[in-house]
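So the structure is just underneath, and the comments pick up after that.
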Amino acid sequence: MSLPHALRTVDTIWRMESAKLIAGLTRMVRDVGLAEDLAQDALVIALEKWPETGIPDNPGAWLMTTAKRRAIDLIRRNKLRDQKYAEVARNTDLYTEEDVNGALDGEIGDDLLRLIFMTCHPVLSQDARVALTLRLLCGLTTDEIARSFLAAESTIAQRIVRAKKTLSAEKIPFEVPSGEELKSRLSTVLEVIYLMFNEGYSATSGDRWIRPMLCQEALRLGRVLAEVASNEPEVHGLVALMEIQSSRFKTRVNAKGEPVLLMDQNRALWDRLLIRRGLAALERCRKLGRPLGPYSLQAAISACHAMAPTADETDWIRIAALYEALSRAKPSPIVELNRAVAISMAFGPAFGLQIVDELNNENSLKGYHLLPSVRGDLLAKLGRHDEARTEFQRAASMTRNERERTLLLNRAAECWPGTSK
């Protein structure tokens with residue numbers, strides 16, 4: 001195996017395994033910062049050995065075993081008490097098959113879910129909880145997280161460092177809470193799972209448009225959480241949203257890995273089982289009898305798309321109304337941008353453009369590539385092709401995803417006179 005190919009393979013494996021690795025190590029050492037350091041040590045060893053020896057049959061197990069051995073070495077070097085050493089050593093069996101849904105002890109046996117609740121402890125600020133969890137569970141860089149927050153990279157880096165130190169100093173337990181404590185952390189946990197899914201659905205950077213494994217893990221965690229907090233409507237709402245969005249995966253990229261926009265997707269290939277599961281979760285949410293929250297409203301919007309046999313039959317007036325409700329439930333510039341798209345589809349691009357032009361003055365969207373992308377699309381529909389081309393080119397210069405950049409440049413090229421779509 002060539003060195004460049006080996007390095008790319010190791011990077012892919014790391015993205016797939018790092019969250020489970022850090023979660024398992026956190027359960028062992030009870031220190032999330034130390035767990036991340038041990039995981040990184042195992043990665044360094046893999047980068048040194050695998051290009052020569054080849055990728056092991058179970059790379060995740062290899063990384064976990066290596067990291068656990070590093071943990072024991074660390075304990076020896078620090079001369080911890082024999083009792084402490086024995087306690088850790090009892091948990092150092094080599095990993096073979098991981099049963100991610102099996103119980104470790106008591107009600108929930110999921111290290112990843114425990115890790116989310118640990119990093120979403122109220123001892124941390126809301127933004128710090130989300131940033132740290134995205135770093136550990138999604139393997140996102142501080143730059144990628146900063147773009148999700150529409151914040152400076154240095155700000156996010158400081159939040160993450162301080163958060164890890166705080167969790168260590170406060171000795172926050174590695175567990176899923178219950179009762180009122182669970183409810184108090186639930187909104188942050190839902191936000192993290194939601195952002196985790198979004199990163200898989202539309203990757204911030206890299207040469208892939210989607211990261212299905214990340215979406216699958218977020219959906220699995222959501223399903224587990226729905227069993228734990230079955231009386232919380234927004235949990236079912238988020239699960240419904242992820243189920244329905246996941247139904248489109250086969251059609252979101254073509255055979256070359258290029259993005260396929262929603263209106264161009266072959267709906268006959270959407271996964272009907274996932275759609276039925278999503279609609280059932282949305283119904284469970286509604287039966288709880290409370291007003292629909294942000295995740296439930298987004299699920300209802302996705303349901304409108306899922307129930308339309310063709311793109312032309314989409315009920316855009318209902319979608320626009322749901323976005324209006326969403327903007328009241330959780331106002332944000334990004335929700336307003338999505339509302340502009342729905343308004344344009346329901347009542348014409350000129351109406352949507354009015355909203356988008358108002359958002360041009362929104363500071364938090366200055367580096368957000370979808371703002372010029374949407375504006376370019378609306379301008380193109382209005383026949384203002386020179387302006388549309390400029391907007392698509394600007395959007396392409398702002399995105400960090402190579403597939404999306406190509407798509408936007410192609411949209412710009414279509415705006416030249418005499419070019420047909």
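Here are a few things to note about the model shown:
- Tabulated pairs, region 56-71, first under 17 Å from Arg15 (Cα atoms) and assigned to a helix (DSSP H, G or I), second among the aromatic types (Phe, Trp, Tyr) and modelled with pLDDT of 85 or more, C-beta under 7 angstrom, 6+ apart or interchain: none
- One residue from Phe149, Phe174, Phe249 being touching a residue at least 40 places away in the same chain (Cβ under 8 Å) and aromatic (Phe, Trp, Tyr): Phe174
- Residue in region 23-33 that is of a type outside the set (Gly, Ala, Ser) and free of Cβ contacts under 8 Å to residues at least 12 places away in the same chain present: no
- Checking each residue in region 7-58 for being surrounded by fewer than 18 Cβ atoms within 10 Å (Cβ to Cβ), of a type outside the set (D, E, K, R) and over 21 Å from Thr141 (Cα atoms) picks out Thr53, Gly54, Ile55, Pro56, Asn58.
- Take the conditions (1) at pLDDT 85 or above; (2) on the phi > 0 side of the Ramachandran plot; Val161 misses just one of them, which is (2).
- Contacts under 8 angstrom Cβ, first residue in region 374-392 being over 12 Å from Leu408 (Cβ atoms) and modelled with pLDDT of 95 or more, partner part of a helix (DSSP H, G or I) and polar (S, T, N, Q), 6 or more apart: Leu378/Ser344; Lys381/Ser344
- Within region 257-274, the set of residues being under 20 Å from the mean Cα position of the chain (by Cα) and part of a helix (DSSP H, G or I) comprises Leu262, Leu274.
- Selection within region 292-339: residues that are assigned to a loop (DSSP other than H, G, I, E, B), free of Cβ contacts under 8 Å to residues at least 12 places away in the same chain and more than 20 Å from the chain's Cα centre (by Cα). The member of this set that is surrounded by the fewest Cβ atoms within 10 Å (Cβ to Cβ) is Pro331.
- Meets criteria (out of contact with any His (no Cβ under 6 Å at 6 or more places or on another chain) and among the hydroxyl-bearing types (Ser, Thr, Tyr)) for Thr406: yes
- Unique residue being aliphatic (A, V, I, L, M), modelled with pLDDT of 95 or more and within 18 Å of Glu191 (Cβ to Cβ) when the list is Leu274, Leu282, Leu238: Leu238
- The number of residues in region 327-361 that are more than 18 Å from Ser373 (Cβ to Cβ) and outside the structural domain of Pro372 (by TED's automatic domain parsing) comes to 5.
- From the options Leu124, Leu134, Leu140, residue that is in a helix (DSSP H, G or I), of a type outside the set (Ser, Thr, Tyr) and surrounded by 15 or more Cβ atoms within 10 Å (Cβ to Cβ): Leu134
- In region 203-222, the residues that are surrounded by fewer than 20 Cβ atoms within 10 Å (Cβ to Cβ), closer than 17 Å to Leu238 by Cα and either out of contact with any Gly (no Cβ under 9 Å at 6 or more places or on another chain) or hydroxyl-bearing (Ser, Thr, Tyr) (or both): Arg220
- Check on Val192, of a type outside the set (Phe, Trp, Tyr), modelled with pLDDT under 90 and either surrounded by 23 or more Cβ atoms within 10 Å (Cβ to Cβ) or in contact with a Ser or Thr (Cβ under 6 Å, 6 or more places away or on another chain) (or both): yes
The values are calculated or read from the model by the stated rules, or taken from the named source; none is laboratory data. All of these numbers come straight from a predicted model, not from anything done at the bench. Cβ sites come from the backbone with ideal geometry, for glycine too, and all protein chains shown count toward neighbours.
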